[in-house]
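What follows is a short report on a single structure.
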Amino acid sequence: MCIIFWASPNSERIVLQFDLNVFQEFSLTEDEGKRLRDLFLHVSPSSADWNPDVARLVAGLLQVIHRESSQRKAGYRYVVKAKLYEMLAVLDRDVPRLVRDSAEDATSKSQETLEKLQQIFAYVEDHYQETITLQQVADHVGFSSYYFTKLFKRNMGITFMTFVNDYRLSKAKWILLNEETPVTEVAELAGFSSVKTFHHAFKRAMGVSPLKYRRTIFGNK
């Protein structure tokens, strides 16, 4: 399931991936398991279709999950799971389902799309430090570049190369906050082709240089 929140061009874009195995901790009945699968396959993915109050609530829960996962303070796993389950309840109760002419066909297509997106995410995770082109990944998942472009934008709300850039920036921010690696090396570790490209992309996304970003967190160390 992909949930898309439309925002202004200057907003920070956050992509969160959840392992569905987390829900195996529940002893679900057959009916509950079916309802959960139906939720992930048929919930309307765009917050533009939701009640505004519900959209704000889910966005707030996602922000807490992202903050706790990034800061990793004591007990953060409990908070993440609690907020994830709360979000699941909100989605189940208050978010509209997609209406399909054929539920069976819709389920099949949704599952196929989810699997393809997971393949794409895994490819980026494995190769983000290398040169990645749209054609490479399209070939990897067996799509033409045209269809791949349309599918990714329709489901994620952004272009594939924007996603790759955002992923590399998230890696760079993690390194800046958790390691003492020189900024010049952070660019290479995060997969940017040059230090200049890294500085430009980082400042455009965060409003400050990588070094200043690190100093705002830790002071002038």
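Each peptide in 184-191, 132-139 receives the mean, over its residues, of other Cβ atoms within 10 Å, and ordering these scores from highest gives 184-191, 132-139. The 3J(HN,Hα) values that the Karplus relation (6.51, -1.76, 1.60; θ = phi - 60°) gives for the stretch 58-71 are, in residue order, 5, 4, x, 5, 5, 5, 5, 4, 5, 5, 5, 5, 6, 7 Hz. Gly and Pro appear as x. Within the stretch 159-177, name every residue whose backbone N is under 14 Å away from a label modeled 7 Å from Cα of ARG72 along the Cβ vector. In the stretch 159-177, the label zone of ARG72 (backbone N under 14 Å from the point 7 Å along Cα→Cβ) covers 171-177. Rg/Rh for the stretch 162-218 stands at 0.91; both radii use Cα atoms, and Rh follows the Kirkwood definition. Around the Cα centre of the stretch 162-218, unit charges on the Cβ atoms of Lys, Arg, Asp and Glu (plus for the first two, minus for the last two) sum to a dipole of about 280 debye. Between ASP139 and GLU185, the distance separating the two model label sites (each 7 Å from Cα on the Cα→Cβ line) works out to 3.3 nm.
None of the figures in this text is laboratory data; all of them are computed from the coordinates on show. It should be emphasised that the depicted structure is a prediction, and the values quoted were computed from it without experimental measurement. Cβ atoms come from the backbone with ideal geometry, glycine included; neighbour counts cover every protein chain shown.
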